[in-house]
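No value in this document is a laboratory result; all are computed from the given coordinates. Computed from a predicted structure; not experimentally measured. Backbone-built Cβ (ideal geometry, glycine too); neighbour counts: all protein chains shown.
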């Protein structure tokens, strides 16, 4: 799922959007940008070790680094910084919001909700806490609660982070025009290169999943113009090339993507593109990344449910999908469980989950394909979109 992170999340997330706003307001940031930087945050904390908000901000930077680099060891660093902050002031909203963001980064969304709500109780005007709350509630399947948190964030601090969350909420209800409009607002509000790249990338993703590869490619290129190091946009170009049948170009792009950022999502997309091109995938690095994330305390049964269903053991896919859905009963987890059950030869058991996954009107091509195949297996009338490529399912997942 989408992660504004913004996260991940974020995606990358998945999907999932965890932008933490301890920073100054846009006008203040613009002013600060022209001043010489004389002291890093780490240097400040050495000089002022009692600065609990500084420790919280450092933790958020580490969570961001985990997202940006794909290195989950930053979560342990974030935990250490938050421990230092909490020893100084345990009930501060910035500290609690940082703890919520870390919990969300590790996919413990129930803990993220509890911590974000404590942060809001400490400071009802914290846009950052409302943002983390919105993301975590989305992952737990509480879309109404997420929408209330987004609305509050919009009231407190309308900007890139709030507009992106509002866009995703609209998309989950199938309102692509409103989703696009909010992303356009985010684009208009953005001034930092990374924010511009982010807004342009997700405008590209909306176009890609609507089947408009030309518009998607244009937005990905514009994202990279704004911020050449923005790897998701490079991955978007690889997706568009693969879905457009330009497999050699796509594989060259994926080689660059995974060299920069070897996230499981990108490694799976690369492997599927290799299969499409008649080559054998190498899942060695993917399995290594899985161990790294597990060792860092990240619980991600969703990725492995989807991977096992499409490329491995359906029974194992069902096990992972049940575990994910038990913790996080959201639309994507419902789809993963439905597809795993279908691949394990249990379409009747899969049917209620695929119906839940598509119950909000979300126009996601992968979810629509899964539902059609499950219904067909049960003898129900269902139409598979002929434009959908079932050999590249990971490329249709929303990052």
Prolate/oblate/rounded label for segment 99-170 (Cα gyration tensor, a/c 1.5): oblate
Segment 34-97: relative contact order in percent, alpha carbon pairs under 8 Å with at least 6 residues between: 33
Among 283, 339, 219, 191, which comes first, second and so on when ranked by fewest other beta-carbon atoms within 10 Å? 191, 283, 219, 339
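Which whole-number percentage describes the relative contact order of segment 131-231, with Cα contacts under 8 Å and a sequence gap of 6 or more? Please list the in-between numbers first.
Working: 123 pairs, mean separation 18.4, N = 101.
Reported as a whole number, the value is 18 percent.
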Which shape class, rounded, prolate or oblate, goes with the chain when its Cα gyration tensor gives a ≥ b ≥ c as root eigenvalues, a/c under 1.5 marks rounded, and past that a/b bigger than b/c marks prolate? prolate
What is the gain in length, in nm to one decimal, between residue 125 and residue 151 on full extension, counting 0.36 nm per residue of separation less the C-alpha to C-alpha distance? 8.1 nm
Taking a crude spin-label model, label points 7 Å out from Cα along the C-beta direction, the residue 252 to residue 313 distance in nm is 4.0
Any idea what the relative contact order of segment 300-396 is, in percent, if you count C-alpha pairs under 8 Å spaced at least 6 apart? 20
What order do you get for 130, 187, 370, 173 when you list them from fewest to most C-beta neighbours inside 10 Å? 173, 187, 370, 130
I'd like the FRET efficiency for residue 87 and residue 192, computed as 1/(1 + (r/R0)^6) with the beta carbon distance as r and R0 of 35 Å, rounded to 0.05. 0.60
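How would you classify segment 300-396 from its alpha-carbon gyration tensor, with a ≥ b ≥ c the square roots of the eigenvalues: rounded for a/c under 1.5, else prolate if a/b is greater than b/c, otherwise oblate?
rounded
Among 84-90, 72-78, 330-336, how do they line up from the highest to the lowest mean number of other beta-carbon atoms within 10 Å?
Values: 84-90: 17.3, 72-78: 19.1, 330-336: 26.3.
Descending packing order for the listed peptides: 330-336, 72-78, 84-90.
Please give the calculated 222 nm ellipticity per residue for the chain, where each DSSP H segment of at least 4 residues contributes -39500 (n - 2.57) and the sum is spread over every residue; nearest 500 deg cm²/dmol?
Working: 21 runs with 275 residues, N = 399.
Counting only the DSSP helices, I get -22000 deg cm²/dmol.
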Could you give the nm distance between label points at residue 144 and residue 391, where each point is 7 Å from its Cα heading toward the beta carbon? 4.5
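Per 0.36 nm of contour for each residue apart, how much would the distance between residue 212 and residue 280 grow if the chain were fully extended, relative to their Cα-Cα spacing?
21.6 nm
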For a quick check: sort 125, 227 by the number of other beta carbons within 10 angstrom, fewest at the front. 125, 227
